[in-house]
Amino acid sequence: MSYHVIKAIFIKQYKDTLKNISILIQLIMFPAISIVMTSSIQVSEIPSQYFVILFATMYVGMTPIIMISNIMGEEKEKGSLKMLMMSNVKPTEYILGVSLFVMVGCLIGLFVMAMVGGYRGIELITFVGICSLGMLTSIFLGSVIGIVAKDQIASNSLSVPAMLICSFVPMLSMFNENIRHYGGFIYTQQINELLTHSPITSFSLQPFVIIFLNMMVLLGIYIYVFQKRKL
Amino acid sequence: MNAIEVRGISQSFLQKEVLNNISFEIQKGEIFGLLGPSGAGKTTLINIIIGQIKPNNGKTFVLGKNSLELSRKDYTQLGLVLDQLGLYERLSCMDNLQLYASLYQLEKSKIEEALKYVQLFDDRKKTVNELSKGMKQRLIIARAIMHHPQVLFLDEPTSGLDPATTLKIHELLLELKKQGTAIFLTTHNMEEASSLCDRVALLNEGHIIECDTPVAICSRYNQLNTVTITTKDHHQYTIQNNKENAKVLFEEMQTENILSIHSSEPTLGSVFISLTGRELI
């Protein structure tokens, strides 16, 4: 693996995303909504970090999946991915370059959300750390979709149900006990509960085990799909 | 050492034979054209030569190295112009080339040099969306030659382009040939192959049915061996191209009565049709 190749892919993705409104909006939308909601709705019954936690969970379960799968789908459709592969960019270098960009972009968004939620010091690190675990898992899921999809339309139709499950189940589980029970196996639900039930001293091991298992399962699928289909 | 060597390549997809025992070699500074109708297996062969597809049978070598063992360094000696443009539409010409310059670890001056070479330097800040089809084609040629490859692969480089842009691209390719670049070109354009290529191979249903210089192939199938003379009074007649008719031709020339003379040798297109019964579309 070569550092300069990963860097070149990262810079390409940065320049391209700045001019790609449909991808850029994914990065900005949830931090922007959380700013608006937190500052405009201040009711004593609702905790001050309620909207930040809600939208951070959606951000984690939606944005990386859509971004990665869309980027890969478009590159396949336009033939630019094939061209990169034929210029001897290794598939792992390409995925690392794009994933790194998505991760950095999302971390900036998360940092903004953390500021809005008033997280400081150890709370801030915990918030970003927990969300990063979820993002990494979502990146694996998005990459699996990106590898399987042949073009942008296919990547959209595959990523929409995946992100709906990941981002909406934690929200819906507030209203339905069954969804809450089964949703407990999904990493985003665990992230939502970890963020809701901070501080750090009260964390149990179980949510982390479930997130880790989700990550390992998706990583396994990713490796299998990658070896079978390449890029 | 040959720039490209193809030895007994056979390839099938889903039990359909695409290439059958294909062999040829290309020297440095040579333009080699692979001619065949759409779906004849031309792109598959390029993919095999550059090591993207492992063939069922046979071996290919690029600059003396087995295609399946090409290293990252070897790839820097190859330039590729493929059927899909593979450009980033939202990025400028400069940014598109910048990506590949970074991959090849080239200096910025190489990007400018390539853009000037394909006459796109003044449009370097335009996004690919804003370019015409011909300009996009020149941009991908710039991308392919920026790192001064020793071997250049072009898959239908002038397909769908206007004659002026096609001519410009031909001039670029001839210039590269002069510099010693081996050029492997696939096309179904007969005129392009005749005017540009040192040698051509005609590919039909997975087999090479002819491989030689365009002139040699056309002469080989010149069964009529006649010349058609058009005189200044627009009278046209055809005579056999032999010793007996030399006198007729000589007399016409002496009286300065000839408007044009055309020999009857077939074009590459008509040779292909006569050999395969199908057109090159």
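For region A:153-165, the count of residues that are over 22 Å from A:HIS197 (Cβ atoms), open to solvent by less than 10 Å² (accessible area, probe 1.4 Å) and either free of Cβ contacts under 8 Å to residues at least 60 places away in the same chain or outside any helix (DSSP H, G or I) (or both) is zero.
Restricting attention to region B:84-131, the residues being surrounded by fewer than 16 Cβ atoms within 10 Å (Cβ to Cβ) and touching a residue at least 24 places away in the same chain (Cβ under 8 Å) number 4.
If B:PRO149 satisfies all but one of (1) outside any helix (DSSP H, G or I); (2) more than 30 Å from B:ASN2 (Cα to Cα), what's the number of the condition it fails? The single condition B:PRO149 does not satisfy is (2). If I ask for residues that are touching a Leu at 6+ places or on another chain (Cβ under 7 Å), open to solvent by 10 Å² or more (accessible area, probe 1.4 Å) and either more than 18 Å from A:SER87 (Cα to Cα) or among the acidic types (Asp, Glu) (or both), which ones from region B:139-173 would you list? Scanning region B:139-173 gives a single hit, B:HIS170. Inspection of region A:78-94 finds a residue satisfying the criterion of being touching a residue at least 40 places away in the same chain (Cβ under 8 Å), hydroxyl-bearing (Ser, Thr, Tyr) and buried (at least 17 other Cβ atoms within 10 Å of the Cβ).
Can you name the residue in region A:187-203 that is under 12 Å from A:ILE122 (Cβ atoms) and not hydroxyl-bearing (Ser, Thr, Tyr) and, of all such residues, is modelled with the highest pLDDT?
This residue is A:PRO199.
Within region A:74-93, being closer than 19 Å to A:SER2 by Cβ and either within 19 Å of the chain's Cα centre (by Cα) or more than 9 Å from chain B (Cβ to nearest Cβ) (or both) holds for A:PRO91, A:THR92, A:GLU93.
Of the candidates B:ASP155, B:ASP162, B:ASP122, the single residue that is in contact with a helix residue (DSSP H, G or I) (Cβ under 6 Å, 6 or more places away or on another chain), acidic (Asp, Glu) and in the same structural domain as B:VAL200 (by the TED database) is B:ASP155.
Taken as a whole, the structure leaves B:ASP212 outside the set of residues that are surrounded by 13 or more Cβ atoms within 10 Å (Cβ to Cβ) and touching an Asp or Glu at 6+ places or on another chain (Cβ under 6 Å). Going residue by residue through region A:119-142, is there one that turns out to be at positive phi and either within 14 Å of chain B (Cβ to nearest Cβ) or assigned to a helix (DSSP H, G or I) (or both)? Yes: region A:119-142 contains one or more residues that are at positive phi and either within 14 Å of chain B (Cβ to nearest Cβ) or assigned to a helix (DSSP H, G or I) (or both).
A quick yes/no check of all residues on (1) surrounded by 14 or more Cβ atoms within 10 Å (Cβ to Cβ); (2) in contact with a strand residue (DSSP E or B) (Cβ under 7 Å, 6 or more places away or on another chain); (3) within 30 Å of B:ILE31 (Cβ to Cβ):
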| residue | (1), (2), (3) |
| --- | --- |
| B:SER219 | yes, no, yes |
| B:VAL227 | yes, yes, yes |
| B:HIS235 | no, no, no |
| B:GLU251 | no, no, no |
| B:ILE261 | no, yes, yes |
| B:PHE272 | yes, yes, yes |
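May I ask you to list the residues in region A:1-53 that are away from every other protein chain (no Cβ under 14 Å), assigned to a helix (DSSP H, G or I), of a type in the set (A, V, I, L, M) and open to solvent by less than 70 Å² (accessible area, probe 1.4 Å)? Result: A:LEU27, A:MET29, A:ALA32, A:ILE33, A:MET37, A:VAL52, A:ILE53.
So that you can scan it fast, the table gives a plain yes or no per residue for (1) farther than 18 Å from B:SER109 by Cβ; (2) more than 19 Å from the chain's Cα centre (by Cα); (3) modelled with pLDDT of 90 or more:
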position	(1), (2), (3)
B:PHE121	no, yes, yes
B:LYS126	yes, yes, yes
B:ASN129	yes, yes, yes
B:GLN137	yes, no, no
B:ARG143	no, no, yes
B:SER159	yes, no, no
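Between B:LEU99, B:LEU87, B:LEU115, the distinction of being part of a loop (DSSP other than H, G, I, E, B) and of a type in the set (A, V, I, L, M, F, W, C) belongs to B:LEU87 only.
Looking at region A:1-43 only, could you name the residues that are of a type in the set (S, T, N, Q) and within 17 Å of A:VAL102 (Cβ to Cβ)? Selection gives A:GLN13, A:THR17, A:ASN20, A:SER22, A:GLN26.
Of the residues A:ILE65, A:ILE71, the single one that is touching a residue at least 24 places away in the same chain (Cβ under 8 Å), within 14 Å of chain B (Cβ to nearest Cβ) and crowded, with 19+ Cβ neighbours inside 10 Å is A:ILE71. Per the listing B:ASN242, B:ASN257, the residue uniquely outside the structural domain of B:GLU205 (by the TED database) and over 21 Å from B:GLN223 (Cα atoms) is B:ASN257.
Counted as qualifying within region B:1-63 are the strands (runs of 3 or more DSSP E) with 2 or more residues that are surrounded by fewer than 17 Cβ atoms within 10 Å (Cβ to Cβ), namely B:4-13, B:16-26, B:57-62.
The values are calculated or read from the model by the stated rules, or taken from the named source; none is laboratory data. For clarity, every value in this text was computed on a predicted model and none was experimentally measured. As a convention, Cβ positions derive from the backbone with ideal geometry for all residues, glycine included, and neighbour counts pool all protein chains shown. All accessible areas refer to the heavy atoms of the entire protein, side chains included, with ligands and DNA or RNA removed. Shrake-Rupley method; radii C 1.70, N 1.55, O 1.52, S 1.80 Å.
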